[in-house]
1. Give me the pairs, please: first residue somewhere in region 154-182 and closer than 17 Å to residue 137 by Cα and open to solvent by 30 Å² or more (accessible area, probe 1.4 Å), second residue anywhere and part of a helix (DSSP H, G or I) and not acidic (Asp, Glu), beta-carbon distance under 9 Å, and either six or more positions apart or on two chains.
2. If residue 257 meets every condition in (1) surrounded by fewer than 24 Cβ atoms within 10 Å (Cβ to Cβ); (2) at pLDDT 95 or above; (3) within 16 Å of ligand 2 (Cβ to nearest atom) apart from one, which number is that one?
3. Pick from 197, 211, 152: which is over 20 Å from residue 55 (Cα atoms), of a type in the set (D, E, K, R) and away from ligand 2 (no atom under 16 Å from the Cβ)?
4. Tell me, which strands (runs of 3 or more DSSP E) wholly within region 1-85 include 2 or more residues that are within 11 Å of ligand 2 (Cβ to nearest atom) and crowded, with 24+ Cβ neighbours inside 10 Å?
5. Looking for whichever is of a type in the set (Asp, Glu) and out of contact with any His (no Cβ under 9 Å at 6 or more places or on another chain) here; the options are 305, 319. Which one fits?
6. Kindly provide the set of residues from region 214-231 that are among the β-branched types (Val, Ile, Thr) and either free of Cβ contacts under 8 Å to residues at least 24 places away in the same chain or open to solvent by 10 Å² or more (accessible area, probe 1.4 Å) (or both), ordered by number.
7. Checking residue 286 against (1) without any contact (Cβ under 8 Å) to a residue 40 or more places away in the chain; (2) open to solvent by less than 10 Å² (accessible area, probe 1.4 Å); (3) more than 16 Å from ligand 3 (Cβ to nearest atom), which test does it fail?
8. Do we have residue 328 as closer than 21 Å to residue 226 by Cα, modelled with pLDDT of 95 or more and buried (at least 19 other Cβ atoms within 10 Å of the Cβ) here?
Amino acid sequence: MSNLVVVGTQWGDEGKGRVVDFLSKKADAIVRFQGGSNAGHTVMVTGEKFIFHLVPSGALRRGEKCIIGNGVVVDPRELLEEIKNLQSRGIKVDNLYLSGSAHVVMPYHRKIEEMEEEQRDKQKIGTTKRGIGPAYADKIARKGLRIADLLDKKILAQKLSAALKFWKDIYSLNYSFDKIFEEYLNYGRELRKYVTDTSLLVNQLMQENKDIIFEGAQGTLLDVDHGTYPYVTSSNTVSGGVCTGIGIGPTRIDKVLGVVKAYTTRVGKGPFPTEIKGEIGKILREKGKEYGATTGRARRCGWFDGVILRYAARVNGLDELALTKLDVLDELERIKICVAYKYKGKIIKDFPFQLNVWEGCEPVYKEMEGWMKDTSIVNKYEDLPEEAKRYINMIEKVGGVFVHLLSVAPQRSKLLTIG
Ligand code: GDP
Ligand code: IMO
Ligand code: MG
């Protein structure tokens, strides 16, 4: 038995979905603990592409329980759509469990997000427009609706009318109570069969010595506390989020696996020291197909940042790494890797906590020789070109964590185990 946490170590889109899909072959349950439909986790199975937003990425395997914990914010319309989509593609989603304490993304959350982004003018975050921030804000402000509230007509009516009154008084937003009430009551009817106490369920599974994977969404630098605030999402994306996002004790976690891309990407606004604005950035974007799985936006691309990885290792307590997309670097003659930053003439090795310092940091690069060979055809680590092995070793050295899994193409068979 083991309880494994899988988290993103950069700004999301590291390939968590494909890693979780691979690992879920041997797991009894896959659990989402934070985020919402802002996540887009891609799994490629024999040429077919699946993108998961709220349903855990283990859903393609048979038998595992797919669990959505209390820390997730759930847009019921999107969840139901995702379930129907999967069903229409022959995937049974009968092992889904949804926390009654998870908060609900409401129509006004999207509207508020849109208005707030507009108001930010030059300071826009570049959100996914899924209502995530306002839904978490309502949760913290103690005026959110939970999934369980959709199951009770009286409670729903009471909470919804209070919420609509609030948004009318504060933001002059006018919503029709009847329309939303009917719509969300229906969602409640449709979702009822999945709703349960997921903390109880997960703890029971642990007592039965089952193998559980906790699937992180977003990435460490998008964490609301530890990320590049305010250019972050609104949840705790780091491994510590598992405990509160599900209701398990920290003593129950056995291992933390960090997923890291062989270079860096970021979608949305905010500083990005190793960003490549020129030709190589374009090569990475095209070869790596760096377009958002949720919004389709072009991702910004840059060199690998070792300072970030070291930081992610610290705040997540990483035990090992899954390194993805090595193949995207196949055609580069020279590859840079950031080993430290320079700020006002001084070398900084630790990730700075002040945004203004971080914005002023210049990367200190180590340049390495590329391998100029196709790594996507490699089936075992030993067969990689020596230069690629050296690059992997450098990542391990600079991050202080070993690479245990290596991905050289999106297909299931192309995730290699090292050691
Ligand atoms: P996630 O949000 O962390 O699950 O990552 P995304 O699914 O948003 O983005 C990762 C993208 O990279 C997807 O399109 C994957 O199919 C793709 N991918 C994953 N691993 C590899 C790899 O090793 N090589 C290549 N070329 N693509 C990969
Ligand atoms: P996965 O799980 C990459 C980014 C948005 C924006 C910021 C805030 O697929 O790795 P939000 O809508 O959450 O309020 O947006 O966070 N963002 C992601 N970037 N991958 C994701 O998820 C992301 N989820 C949110 O682009 O910059
Ligand atoms: Mg993604």
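1. Between residues of region 154-182 that are closer than 17 Å to residue 137 by Cα and open to solvent by 30 Å² or more (accessible area, probe 1.4 Å) and residues that are part of a helix (DSSP H, G or I) and not acidic (Asp, Glu), the close pairs are 171/108; 171/111; 171/112; 171/115.
2. Condition not satisfied by residue 257: (1).
3. Values: 197 fails: over 20 Å from residue 55 (Cα atoms); 211 fails: over 20 Å from residue 55 (Cα atoms).
Sole residue among the options that is over 20 Å from residue 55 (Cα atoms), of a type in the set (D, E, K, R) and away from ligand 2 (no atom under 16 Å from the Cβ): 152.
4. On the way: elements: 3-8, 29-32, 41-45, 48-52, 65-68.
It comes to 3-8.
5. Values: 319 fails: out of contact with any His (no Cβ under 9 Å at 6 or more places or on another chain).
That would be 305, the only listed residue that is of a type in the set (Asp, Glu) and out of contact with any His (no Cβ under 9 Å at 6 or more places or on another chain).
6. At the first step, the residues of region 214-231 found to be among the β-branched types (Val, Ile, Thr) are 220, 224, 228.
If the condition is that a residue be among the β-branched types (Val, Ile, Thr) and either free of Cβ contacts under 8 Å to residues at least 24 places away in the same chain or open to solvent by 10 Å² or more (accessible area, probe 1.4 Å) (or both), then 224 is the only one that fits.
7. (2)
8. Working: closer than 21 Å to residue 226 by Cα: no; modelled with pLDDT of 95 or more: yes; buried (at least 19 other Cβ atoms within 10 Å of the Cβ): yes.
No.
The values are calculated or read from the model by the stated rules, or taken from the named source; none is laboratory data. In this text the structure is predicted, and so the values were computed from the model without any measurement. In this analysis, Cβ positions are derived from the backbone assuming ideal geometry, glycine residues included, and neighbour counts consider all displayed protein chains. Accessible surface is based on the protein model in full, side chains and every heavy atom, while ligands, DNA and RNA are left aside. Shrake-Rupley method; radii C 1.70, N 1.55, O 1.52, S 1.80 Å.
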